[in-house]
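Novice: Take a look at the following structure, please.
The values are calculated or read from the model by the stated rules, or taken from the named source; none is laboratory data. Remember, predicted model here, so these are calculated numbers, not experimental data. Glycine gets a Cβ as well: all are built from the backbone with ideal geometry, and neighbour counts include every protein chain shown.
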């Protein structure tokens, strides 16, 4: 049985697509989680960039995931409000005696 890490991150470049003199290749980042004894796992992929090659020069154009940024911001805001509510409730309990 081959040992593999339980959590692994990979950056993968997809197959090139050429139109005229321009070649485009997508890039994705994958998170792989494997359960022990080859019992399965899950993979989470997300696009991170597009590589554009023209005239011998390659440009990397990042893909900004606005939805993910908004979700992280909302989770952070919920966490802050939750902590503030806990602190205020603890103060009220301490004040009442």
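Novice: Across region 45-74, which residue is farthest from the chain's Cα centre (by Cα) among those that are surrounded by 10 or more Cβ atoms within 10 Å (Cβ to Cβ) and part of a helix (DSSP H, G or I)?
Specialist: Among them, the one singled out is 74.
Novice: For region 8-44, which residues satisfy the criterion of being surrounded by fewer than 10 Cβ atoms within 10 Å (Cβ to Cβ), in contact with a strand residue (DSSP E or B) (Cβ under 8 Å, 6 or more places away or on another chain) and more than 18 Å from residue 68 (Cβ to Cβ)?
Specialist: The answer is 15, 21, 40.
Novice: Follow-up question, since we're still on this one. Which members of region 38-93 meet the condition of being in the same structural domain as residue 21 (by TED's automatic domain parsing) and farther than 30 Å from residue 23 by Cβ?
Specialist: Selection gives 38, 39, 40, 41, 42.
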